[in-house]
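Here is the structure we will look at, set down as structure tokens.
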Amino acid sequence: MFVLVNGKPYPLPQSGTLAALLRSVSPPAPFAVALNEEFIARGTYDDCVVHPNDRIDIVHPTVGG
Amino acid sequence: MERQAIQDELILYGRRFTSRLLLGTARYDSPSVLADAIAVADPALLTVSLRHQMSGAKESGASFWNLLRETKRPLLPNTAGCLSAHEAVKTGCMARELFQTNLVKLEVIADEVSLQPDPFGLVEAAMELVKLGFHVLPYCTEDWVLCRRLMDAGCEVLMPWAAPIGTGQGPRNPRALRELRQRAPQVPLIVDAGIGLPSHACQVMEWGFDGVLVNTAVSRSLDPIRMARAFANSVNAGRSAFLAGPMIEQQVAAPSTPQISRPFASDLSTLPGLRVSEPRMGTLVP
């Protein structure tokens, strides 16, 4: 079973939480996360369950005007 | 001098800034050029954004984050690239967590050619973001009704465009911009987008705008560091001119040098070729 992380398939971890997924993906800090186009606050990753085919967006600071 | 500077601070949502220049961080050739441009421009705020990680990109991720931290400048995250209110609200929430600020430069784009702001999406997103406790600085057009709706939604600062993003055309609709300034005298107005030259920045500051945001005009110039300094100087010059109160434009010439007790005084009307009462073709009539 897979989820989409930044548009690419990624294996869904057994525990099925967003926290577990992020530990597996290990994105460089700092980052922020959206699940299925909804913002997920950092303190709630452990409580957030991820399902197959969910879309996870992990974003980082970048330049902007 | 110091007292005067304190009195003329830019105040955005209760935060005080001595500079009236906001600087974008995009499209610089290298992080070091960006860092030097920031140092000489001394901007009030730096605009930043969010993106998926791009492997090897110098302008995102940890290296950019470290650069931002080293500058110690306040940050203004944007919602660039958002095409709906929902996207903008989501992006604003992610930006708040990432950059640890309630400030957000709200962008909702409606037209991919002109990158013109979406007035309907802006108002919808602004209402939601204000409810969520954001301090919203919407990038908008100079349209008065839109600006009023944004103020009604709780925006205490507006960022009207001068011209489409990245064009460098300067103020395309000076009359509407000046009318906006007159109709919202108490609202901080930062001119954003389309500024190409320091003279453009100086011009809008002379009109009484509270600040200017520039990015491409600096980053894509041949010498961004020199241009950053030029913009900082022009913003200061325009602000000083506004505070000084420009003279009223006159329709006829008026001698600046006193006419009383002129040396070698003569009656102008008696000079050869200078006739007051009987003008002729080819003669100068003062």
Just for the protein assembly as shown, what percent of DSSP beta bridges are antiparallel, to the closest 5? 50 percent
If B:Thr167, A:Thr62 are placed from fewest to most neighbouring beta carbons inside 10 Å, the sequence is B:Thr167, A:Thr62
Ranking A:His51, B:His200 by Cβ neighbours within 10 Å, fewest first, what do you get? A:His51, B:His200
Take the Cβ-Cβ distance between B:Ala244 and B:Ser32 as r, set R0 to 41 Å, and report the resulting FRET efficiency rounded to the nearest 0.05. 0.65
With Kirkwood's inverse mean 1/r over C-alpha pairs for Rh, give me the Rg to Rh ratio of chain B, two decimals please. 1.13
With just the Cα atoms defining each centre, how far is the stretch B:205-248 from the stretch B:154-196? Give it in Å. 14 Å
Angle check, please: helix B:61-71 long axis (alpha carbons) against the longest principal axis of chain B (alpha carbons), in degrees 0 to 90, nearest 10. 50 degrees
Using θ = phi - 60° and Karplus 6.51 cos²θ - 1.76 cosθ + 1.60, couplings along the stretch B:113-130 (whole Hz; Gly, Pro as x): 7, 8, 6, 5, x, 8, x, 6, x, 4, 5, 4, 5, 4, 4, 5, 5, 4
Value of relative contact order over chain A, rounded to a whole percent, pairs C-alpha under 8 Å and six or more apart: 44 percent
Only bridges whose two residues both fall in the stretch A:2-59 count here: according to DSSP, what percent of them are antiparallel, nearest 5? 85 percent
With bins of 10 Å, the percent of all Cα-Cα pairs of the protein assembly as shown per bin from 0 is 5, 22, 27, 19, 11, 7, 4, 2, 1, 1, 0
How far is helix B:224-244 tilted off the main Cα axis of chain B, in degrees rounded to 10, range 0 to 90? 60 degrees
Got the relative contact order for chain B handy, in percent, Cα pairs under 8 Å and 6 or more residues apart? 16 percent
Across the alpha-carbon set of the stretch B:111-215, Rg over Rh with Rh taken as the Kirkwood radius works out to 0.95
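Loop only per DSSP, at most 16 neighbouring Cβ atoms within 10 Å: give me the GluC sites (Glu not before Pro) in the stretch B:104-163, ordered by residue number.
B:Glu112
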Hey, how many Å between the Cα centroid of the stretch B:67-85 and the Cα centroid of the stretch A:13-53? 23 Å
So what are chain A's ellipsoid semi-axes, whole angstrom, largest first, if each one is the square root of 5 times an eigenvalue of the alpha-carbon gyration tensor? 19, 13, 11
Working from Cα positions, state the angle (0 to 90°, nearest 10) between the long axis of helix B:31-41 and the longest principal axis of chain B. 40 degrees
Ranked by Cβ crowding within 10 angstrom, fewest neighbours first, how are A:Val33, B:Val48 ordered? A:Val33, B:Val48
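Where a number appears in this text, it was derived from the coordinates with a stated rule and is not lab data. In this text, all values refer to a predicted model and were calculated from it rather than measured experimentally. We place every Cβ from the backbone using ideal geometry, glycine too, and count neighbours over all the protein chains shown.
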